[in-house]
Amino acid sequence: MTEKIQSLLEETAALTATTAKEVEDLRIHYLGRKGVMNDLMAEFRELPQETKREVGQKLNQLKQSIQAQLDTLRKNLPAEDGKKDALDLTRTPYPTPLGSRHPLTLVRNEIIEIFSRLGFVLADGPEIEDDWHVFSSMNFPADHPARDMQDTFFIARQPDIVLRTHTSSVQSRVMETTQPPIRVICPGRVYRNEAISARAHCFFHQVEGLYIDKHVSFADLKQVLLTFARELFGEGTQIRLRPSYFPFTEPSAEMDISCHICGGKGCAFCKQTGWVEILGCGMVDPAVLEANGIDSKEYKGYAFGMGVERITNLKYRVKDLRLFSENDVRFLDQFVGEGF
């Protein structure tokens, strides 16, 4: 057996290979499960005990020699073969194209920053809500259209579990657990069962605000919203409040700003009126305060809400709402360097 090992040492020292496959074939022939070394180990186990020590050392020497020779062959393979092995056709092309921070994120952050400077703090709540926090606590009557399947995504009935249609549900949760004074803004995603088009989507984003304290008036609301509009759209921005109706505020109003494109003179964007609607607002209905555990005889409040997509359209003139959710880096690339 010693002579066989010596012969294999000389044989393997002269091995050659020009491709990675040839090297692998040699490895399998000598070191594989059914290879030469495996056969030698089977013979080794049959040797007398007094000779195993010497022969075992020579077997280890042979195995190490074969492995070293295979490593050398693999290292010295021609460069062309190595290049083929290194080419990965499944890799993403480099450099990977990048977009920027999403325009909705830019505008939402700017809105939050403005109201934070006015003393408002952030509040958050679940997107999957119950009927009480979305509708009943907000003074929606039982036959209100918002409770209809055509306008709301219902997940379960009796009890009613829905995807929230507005972030007013967050206001309800804050009022339930906090005693006035309350000054919060509630940004978040909301859902409504609408056909998707360039002007509408089944989900969008809102920022709502709520202020409750003693001696709060509509004049306070107007001044806060005027300050907000001028911070967001420019110092010369004017506002107007038009009477409206919301179940959870009384009196209620829609707020318009002077068109920042034409300066209020009239253009196609503002439909020649000089004004563009951006949000709804009003004094919190006493019934809403009472439903959420706040004494309406002692406290008053105001609330407002706006769609982030609408504000973003006004700032950047995005004509198709679907662009906001398509994750196209060509669209996002237009906002590099914008905002914070």
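What to note about this one:
- Tally of residues being of a type in the set (Gly, Ala, Ser), farther than 23 Å from Arg108 by Cα and open to solvent by 30 Å² or more (accessible area, probe 1.4 Å) across region 229-280: 4
- Region 46-57 residues that are touching a residue at least 40 places away in the same chain (Cβ under 8 Å) and of a type in the set (A, V, I, L, M, F, W, C), paired with ones that are open to solvent by less than 50 Å² (accessible area, probe 1.4 Å) and not in a helix (DSSP H, G or I) (beta carbon under 9 Å, 6 or more apart): Val55/Leu47
- When Glu231, Glu208 are checked against the criterion of being at pLDDT 90 or above, of a type in the set (Asp, Glu) and not in a strand (DSSP E or B), Glu231 stands alone in meeting it.
- In region 234-254, the residues that are under 19 Å from Pro180 (Cβ atoms) and either assigned to a helix (DSSP H, G or I) or within 34 Å of the chain's Cα centre (by Cα) (or both): Phe248, Thr249
- Just one of the listed residues (Ser100, Ser116) is hydroxyl-bearing (Ser, Thr, Tyr), assigned to a loop (DSSP other than H, G, I, E, B) and either surrounded by 15 or more Cβ atoms within 10 Å (Cβ to Cβ) or touching a strand residue (DSSP E or B) at 6+ places or on another chain (Cβ under 9 Å) (or both), and it is Ser100.
- Any hit, region 180-200, residues being farther than 17 Å from Val121 by Cβ, assigned to a helix (DSSP H, G or I) and either out of contact with any Ser or Thr (no Cβ under 9 Å at 6 or more places or on another chain) or open to solvent by less than 40 Å² (accessible area, probe 1.4 Å) (or both): no
- Selection of region 119-138 for residues being touching a residue at least 60 places away in the same chain (Cβ under 8 Å) and either small (Gly, Ala, Ser) or buried (at least 16 other Cβ atoms within 10 Å of the Cβ) (or both) yields Gly119, Phe120, Ala123, Gly125, Ser136, Ser137, Met138.
- Selection of region 308-340 for residues being surrounded by 18 or more Cβ atoms within 10 Å (Cβ to Cβ), within 19 Å of the chain's Cα centre (by Cα) and at pLDDT 90 or above yields Val308, Glu309, Thr312, Phe324.
- Of the candidates Ala146, Ala142, the single residue that is free of Cβ contacts under 8 Å to residues at least 24 places away in the same chain, outside any strand (DSSP E or B) and surrounded by 15 or more Cβ atoms within 10 Å (Cβ to Cβ) is Ala146.
The values are calculated or read from the model by the stated rules, or taken from the named source; none is laboratory data. Since the model is a prediction, treat every value here as computed from it, not as a measurement. Backbone-built Cβ (ideal geometry, glycine too); neighbour counts: all protein chains shown. The protein model used for the area step is the full one, side chains on, heavy atoms only, and it has no ligands, DNA or RNA in it. Shrake-Rupley method; radii C 1.70, N 1.55, O 1.52, S 1.80 Å.
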